[in-house]
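Here's the structure we're looking at; comments come further down.
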Amino acid sequence: MQSDRPLGTTTRRNFLKGASVAVGSGLVGSLPIGRFAHGAGSSEVLRVGLIGCGGRGTGAALNAMAVDKQVKVVALADAFEDRVQNCRKALLKQNPQQTAIPDD
């Protein structure tokens with residue numbers, strides 16, 4: 001498909017792409033990341049909530065708990081109650097000290 005535009009002109013789509021990249025990178029560069037980032041070696045517990053308690057979600061929670069003993073799973077959510085209960089049982093069986101999920 002051939003365009004009627006002369007060579008070297010910018011389309012609206014290309015302009016918006018370039019402008020959004022420029023604005024996005026400018027915003028990211030100005031964020032005060034030092035206020036929000038934490039260095040390794042902290043003794044703080046990392047509380048994790050899991051959304052989606054099927055096989056993949058349960059596996060991901062177990063992986064996170066295996067990577068760092070400071071990870072504690074504190075909340076579970078799924079559309080199906082039986083998946084939540086099965087996930088809770090699996091997490092408590094595997095790593096009870098890293099699981100703090102209330103019954104409700």
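The values are calculated or read from the model by the stated rules, or taken from the named source; none is laboratory data. Treat the numbers as computed from the prediction; the structure is a model and nothing was measured. Ideal geometry is used to build each Cβ from the backbone, glycine not excepted, and the neighbour counts take in all protein chains shown. Calculation scope for accessible area: heavy atoms of the full protein, side chains included, ligands and nucleic acids excluded. Shrake-Rupley method; radii C 1.70, N 1.55, O 1.52, S 1.80 Å.
Given the criterion over 19 Å from Asp103 (Cα atoms) and either touching a helix residue (DSSP H, G or I) at 6+ places or on another chain (Cβ under 9 Å) or among the acidic types (Asp, Glu) (or both), identify the matching residue among Asp68, Asp78, Asp82.
Numbers: Asp78 fails: over 19 Å from Asp103 (Cα atoms); Asp82 fails: over 19 Å from Asp103 (Cα atoms).
When all the criteria are applied, what remains is Asp68.
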In region 54-94, anything farther than 18 Å from Glu44 by Cβ and either in a loop (DSSP other than H, G, I, E, B) or touching an Asp or Glu at 6+ places or on another chain (Cβ under 6 Å) (or both) is listed as Gly54, Asp78, Ala79, Phe80, Val84
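Within region 19-42, can one find any residue that is surrounded by 11 or more Cβ atoms within 10 Å (Cβ to Cβ) and either of a type outside the set (A, V, I, L, M) or at pLDDT 90 or above (or both)?
no
Residue by residue, here is whether (1) hydrophobic (A, V, I, L, M, F, W, C); (2) open to solvent by less than 70 Å² (accessible area, probe 1.4 Å) holds:
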position: Gly52; (1), (2): no, yes
position: Ala61; (1), (2): yes, yes
position: Phe80; (1), (2): yes, no
position: Arg88; (1), (2): no, yes
position: Lys93; (1), (2): no, no
position: Gln97; (1), (2): no, no
